Amino acid sequence: MKQKGNIGVTTENIFPVIKKFLYSDHEIFLREMVSNAVDATQKLKTLAQKGDFTGELGDLTVRVSLDEKAGTLTFSDRGIGMTEEEIDKYINQIAFSGVTDFLDKYKDNANAIIGHFGLGFYSSFMVSKKVDIITRSYQDGAKAVKWSCDGSPEFTIEDADKEDRGTDIVLHIDDDCKEFLEKQKIQDLLNKYCKFMAVPVAFGKKQEWSSEEKKMVDTAEDNIVNNVEPLWTKAPSSLKDDDYKSFYRTLYPMQDEPLFWIHLNVDYPFNLTGILYFPRIKSNIELQRNKIQLYCNQVFVTDQVEGIVPEFLTLLHGVIDSPDIPLNVSRSYLQSDANVKKISTYITKKVADRLAAIFKEDRKDYEAKWDDLKIFINYGMLSDEAFYDRAKDFALFKDVDGKYFTFDEYKTLIKDNQTDKDGNLVYLYATDKEEQYSYIEAAKQKGYSVLLFDGQLDVPSVGMYEQKFEKSRFTRVDGDIIDRLIVKEEVKAAELTDDERDSLSETFRSQMPKTGKAEFNVEVQALGESSQPVLITQSEYMRRMKEMSRFQPGMSFYGQMPDSYNIVLNADHPLIKGVLTDARANTDEALKPVLSELKGLNARLQVLNQEQSKKKYDELTQEEKDDKTNTQKAIDEQRKKKNQIIADYAKGNNIVHQLIDLALLQNGMLKGEALDKFLKRSVDLIK
């Protein structure tokens, strides 16, 4: 007997809502259909275990069938099935309450609608123009019934022919969703959503190569798409390293072998299982995100875990499975869910505990993996205060000689020799052993230790260390001359007159390369005869700000500023002394009248300043103001003359150019035409 009726909903337009507002996530229907079939099967197994079902369970495989000609996609199970009364209860009456602001709140999130309103089955209408349910209850004497609905609130129920218990759900795929009639599309979605469901799921038959037909042909064996007992459901004591590595390859076929892993298994205060792997992170953090898959009872929930677990844990790979993670909910809902927050805190603790254990059990192996591991630990310490408190005992420093130290060990190593006159402990670091070789060697000659910070997050971590370490300062080894990196006594001043200092500085300043990407400030210091004649250093503060600008968008203006370098001339070096002597010999005669004029003008300006300082600015006459302005202009003109005389001399001095280029070359800043000129000049100088 055929029955007609209207689906009981609290809005007349439920199907247009499903069609329109669930459409962006329409592939989710497949997970819902298979999940329902698995649930029905699991319920029957439970009834059998309790003795409430005494029949033969038989083959419990859930089957997904595709009929491209008929335009249907069918989901079949041999679970508990439904009676006509149960269809009316579970299918015809949609739990669709609380529709206030429904469209505004949920229009952009299919998962939220499904999860909040029990619409798992009705997600089938996202892709179907008609849905049939052919079902027969496991109960003795139950008859088979067929329920049909074409996407309107109207449905029909009639008797059906079905010999076996269970349910077939037939989706008549809509014209605008034909991609769900493609075999490969369904295979991909089953692999994404159903790979680890707890009941076998079959899609078609396995294939093998036929030498007769010269193509792949179906065999009689079902193509089971899932592993009903994934590794995380098994006892860790029953597993070997190869089992974990093999499972990792299943999850991430193209990834390198992981460093190590954590097997999660907890039943209080929440239920949680899973396996988290530490991957070998290369240079790009972003490529490593969202590799954790969240499951609920082996049903895939999401792999968009950012914001659900602490940020640094998004670098981990693997699986987390918990019935306490709500299925079919939005990420925003997950982020606010209390159970998810507890799980997140627990995982952070387990990760820290695992790292601490590995460090204690086999420090040598831990150190061997440190270069791959440090980016993860640095990220954790930077982004999670609680993780820093745990990690500070197993985080390591590595020096330029490849030796490893805990924070406390390294502090003990350097505190006697690398404490400056103000009591600050100075940590020296290099970012490139080759480029900064000479600076590293200069530090070593002083007996100093130099750390190697060549990782992606090493330099951004410097600010954190300075905040955490008491009375400590970090500076890059090429940030200044070595005696000023760790100042233990007042720096000895160069024994030069002001005119000699100015002349020497201008000689080199005038010949520095002119580029918008770099600014050069020249200074003279007494560094000793054995030190380099010319050194290039860069402000630690400005360099650090520019490096941080790559990670923090709000600091991007630092990245646009030109690089600022200090050119330090060693007044004690014979070559610098020679340049100064030669400059005097070649410029003294031309500079005499200019310097004499400058001396008189500066004296004149000093007198004017003294006289005018006794009056307020508005009490000065225009003549007094003009007198001071004109004197200053005259001084500027004479300085230009002086600098031009020095520049004309320096332009023809090959030693000056050679010393500048050697310093630039040492810092990787000599390229192109300038490098070519340097090479030619070098040949000429040694002829």
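The values are calculated or read from the model by the stated rules, or taken from the named source; none is laboratory data. For clarity, every value in this text was computed on a predicted model and none was experimentally measured. A quick note on method: Cβ atoms are made from the backbone with ideal geometry, for glycine too, and the neighbour counts reach across all protein chains shown. Side chains are part of the model used for accessible areas, which takes the heavy atoms of the whole protein and leaves out ligands, DNA and RNA. Shrake-Rupley method; radii C 1.70, N 1.55, O 1.52, S 1.80 Å.
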Having 1 or more residues that are farther than 24 Å from Ile343 by Cβ and in contact (Cβ under 8 Å) with a residue 12 or more places away in the chain is the bar; report the strands (runs of 3 or more DSSP E) wholly within segment 210-303 that clear it.
215-224
Whichever residue in segment 190-199 is part of a helix (DSSP H, G or I) and either modelled with pLDDT of 95 or more or touching a strand residue (DSSP E or B) at 6+ places or on another chain (Cβ under 9 Å) (or both) and, among such residues, is most open to solvent (accessible area, probe 1.4 Å)
Lys192
Residue tally, condition among the hydroxyl-bearing types (Ser, Thr, Tyr), surrounded by fewer than 18 Cβ atoms within 10 Å (Cβ to Cβ) and assigned to a helix (DSSP H, G or I), over segment 419-455:
2
Residue list for segment 497-543, restricted to those being basic (Lys, Arg), open to solvent by less than 30 Å² (accessible area, probe 1.4 Å) and at pLDDT 85 or above:
none
So which residues in segment 456-485 are touching a Phe, Trp or Tyr at 6+ places or on another chain (Cβ under 7 Å) and assigned to a loop (DSSP other than H, G, I, E, B)?
Leu457, Val459, Pro460, Val477, Asp478
Which of (1) surrounded by 14 or more Cβ atoms within 10 Å (Cβ to Cβ); (2) at pLDDT below 85 does Thr475 not meet, given it meets every other one?
(2)
Index of the failed condition, Lys411 passing every other in (1) under 27 Å from Ala663 (Cα atoms); (2) touching a Leu at 6+ places or on another chain (Cβ under 8 Å)
(1)
Members of segment 34-86 found to be assigned to a loop (DSSP other than H, G, I, E, B) and among the hydroxyl-bearing types (Ser, Thr, Tyr), listed by number:
Thr54, Thr61, Thr83
Taking Gln184 and the conditions (1) farther than 25 Å from Ile28 by Cβ; (2) open to solvent by 20 Å² or more (accessible area, probe 1.4 Å), which numbered condition does it fall short on, given that it satisfies the others?
(1)
Hey, does segment 355-366 have a residue that's aliphatic (A, V, I, L, M), surrounded by 15 or more Cβ atoms within 10 Å (Cβ to Cβ), closer than 26 Å to Val266 by Cα and within 18 Å of the chain's Cα centre (by Cα)?
no
If we keep just the residues of segment 200-242 that are aromatic (Phe, Trp, Tyr) and more than 18 Å from Cys296 (Cα to Cα), which is least open to solvent (accessible area, probe 1.4 Å)?
Phe203
Need a quick list: helices (runs of 4 or more DSSP H) entirely within segment 568-687 having at least 2 residues that are open to solvent by 90 Å² or more (accessible area, probe 1.4 Å).
574-612, 622-651, 672-685
